[in-house]
Amino acid sequence: MKLKPLAKAALKYLVLGCILVFVLLPIFWMVLLSLKSRIQTIVYPPTLDIGGLAVFIKNYGDILLVRQGGYWRLLLNSAVIAVASISLGFLLAVPAAYAYSRFNFRHKDAVALTILSAYFLPAMSIAIPIYLIMSRFHLLDTYTGLVIPYVAMNIPFIFWMMMGFFAETPTDLDEAAMVDGCTRLSAFRRVILPLVKPGLVATAIFCAIFTWNEFMMALFIVSTPASATVTVGATGLLSGERPTDWEAMATAGTILTLPLLAFALVVQKHIVRGLTLGAVKG
């Protein structure tokens, strides 16, 4: 009888271990390829051998300083666009979510479903109209031209996530703050926002992941190294006129992945706290 719980635990850890290997193996192999020379990447059967320090410097120096005008600039572009679009999205969507959770009005549910439906629009279906709009206003190949659609794409997600967090916060707290002399706005800023901070952080993390990895919209709007994101820049490594540089592709992928991985490790406790606070419960 005592073996049954032990067997369940062993099975659970076995399944988790398989999932972990399935998730981490492609990342491990990508990092491994980024440390190989051209000859080592095409050796068959593949080996775990890697090049020395000279190969590391060549691969990462070539990507960061030479290819596409230097990937450091593409990383900077992605970071600026992500911070700007997430900040503006929160500035617009968080007060709207708070108002939705606190006030009743006609067609309230229809408004919420309309906002949510915008989130499910495929990027491909709106990329061409947005391209034409940005072209009309001379915003192609600019930060602004990409920040505006990213804000529009992030707002429905932020609204629905934060609506759930605010719904989990008792309205008595707002009323008590206003009895003590706060206005509705100051009660929101001083009392409610600190309580839903884990939700704010968790929502920001998911928006950052989406914005950092987004490709289709960026492909239409930006193209030059001065404003292109790192996902668009990575496509420059593919060409039908020359053999694929697997070590360069792996190096670019590693450079693209590491900032997100480091960011997730730093804020992982906020993800757990945010998701267990209430998340999308409406």
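Side notes on the structure shown:
- Within segment 171-191, the set of residues being over 30 Å from the mean Cα position of the chain (by Cα), within 29 Å of TYR119 (Cβ to Cβ) and surrounded by fewer than 13 Cβ atoms within 10 Å (Cβ to Cβ) comprises THR171 only.
- Among the residues making up segment 80-116, those that are over 27 Å from LEU173 (Cα atoms) and out of contact with any helix residue (DSSP H, G or I) (no Cβ under 8 Å at 6 or more places or on another chain) are VAL83, ALA110, LEU113, THR114.
- One residue stands out in segment 54-68 among those that are β-branched (Val, Ile, Thr) and either assigned to a loop (DSSP other than H, G, I, E, B) or under 16 Å from ALA228 (Cβ atoms) (or both): the one that is nearest to the chain's Cα centre (by Cα), namely ILE63.
- Of the criteria (1) surrounded by 10 or more Cβ atoms within 10 Å (Cβ to Cβ); (2) assigned to a helix (DSSP H, G or I), which one GLY51 fails: (2)
- Residue in segment 117-129 that is part of a helix (DSSP H, G or I), under 17 Å from MET161 (Cβ atoms) and of a type outside the set (S, T, N, Q) present: yes
- Residues of segment 77-115 satisfying the condition of being assigned to a helix (DSSP H, G or I), over 20 Å from ASN154 (Cα atoms) and either touching a residue at least 40 places away in the same chain (Cβ under 8 Å) or among the hydrophobic types (A, V, I, L, M, F, W, C) (or both): ARG102
- Failed item, numbered, when LEU219 is tested on (1) of a type outside the set (D, E, K, R); (2) at pLDDT 75 or above; (3) farther than 20 Å from ILE81 by Cβ: (3)
- Residue within segment 69-80 that is closer than 27 Å to ALA262 by Cα and over 23 Å from the mean Cα position of the chain (by Cα) present: yes
- Residue match in segment 10-28 (condition: crowded, with 17+ Cβ neighbours inside 10 Å, hydroxyl-bearing (Ser, Thr, Tyr) and in a helix (DSSP H, G or I)): no
- The sole residue among LEU237, LEU185 that is farther than 16 Å from ALA79 by Cα and in contact with an Asp or Glu (Cβ under 7 Å, 6 or more places away or on another chain) is LEU237.
- Residue tally, condition in a helix (DSSP H, G or I) and either more than 19 Å from LEU258 (Cα to Cα) or of a type in the set (A, V, I, L, M) (or both), over segment 31-48: 7
The values are calculated or read from the model by the stated rules, or taken from the named source; none is laboratory data. This one's a predicted model, so the numbers in the text were calculated from it and none came from an experiment. We place every Cβ from the backbone using ideal geometry, glycine too, and count neighbours over all the protein chains shown.
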